[in-house]
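Read the figures in this text as sums done on the coordinates, not as results from a lab. These numbers come from a predicted model, not from an experiment. Quick reminder, even Gly has a Cβ in these numbers, built from the backbone with ideal geometry, and neighbours come from all protein chains shown.
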Amino acid sequence: MNQDFNNLVYSIEDLKKYELQRFDIPIAEGKMTIKETIAHIYRWDEFLLETAIPLFVSERAVSFLNFDEFNYNSIKFAETITTNELLELTKLTRTKLIDEFKKLDTLLVEKITINGKSDEKYNLLYLIDDFVEHDTHHLNQIYEFVRRN
């Protein structure tokens, strides 16, 4: 499995050293706050654990949600939890997700259908790499913000 998938756990721990007030400031004009961004990442991990992996195991398929609605609900979720709780929950959920992927080790390269489409490259490793890029994108935004502020 892609070692970078573990990096989120270390990054979350690193982010704890910053003042919590910074987590409620948008990272750029029209963008989410750090807290909302972390909630967004957390909710994707939760989706993978609770929906995508069980669907993969039973049907070798994964279907994604409406992204705009998902992002809106992530922002709303961030309002219901403290920053410290969110950081801990995100670390815990990513660790569980890594453990689940490890259990699926022999299935990681099996072909899957994503949103009803089949492609030679679609498998769980491909999906993990996609989420690593997603994490990296958002973590880069967060770290750029904290460097500027």
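Charges at C-beta only: +1 for Lys and Arg, -1 for Asp and Glu. How large is the resulting dipole of the chain about its Cα centre, in Debye rounded to 20? List each step's numbers first, then the result.
Working: 18 positive and 27 negative charges, 39 e Å.
Roughly 180 debye, rounded to the nearest 20.
Straight-line cross-link reach from Lys103 at under 20 Å between alpha-carbon atoms covers these aspartates and glutamates, not counting any fewer than eight positions away in the same chain: Asp4, Asp45, Glu46, Glu50, Glu59, Asp129, Asp130. In the chain, the calculated helix contribution to ellipticity at 222 nm averages -19000 deg cm²/dmol per residue, counting -39,500 (n - 2.57) for every DSSP H run with n ≥ 4. Measuring nothing but alpha carbons in the chain and taking Rh as the Kirkwood radius, the Rg to Rh ratio lands at 0.98. The distance separating the Cα centre of region 84-115 from that of region 1-36 comes to 19 Å.
Measuring against 20 Å, Cα to Cα, the residue pairs Lys76/Lys102; Lys76/Lys117; Lys31/Lys76; Lys31/Lys117 contain Lys76/Lys102; Lys76/Lys117; Lys31/Lys117 as the ones spanning a longer distance. The slack between Tyr72 and Leu125, meaning 0.36 nm per residue of separation minus the straight C-alpha distance, is 16.3 nm.
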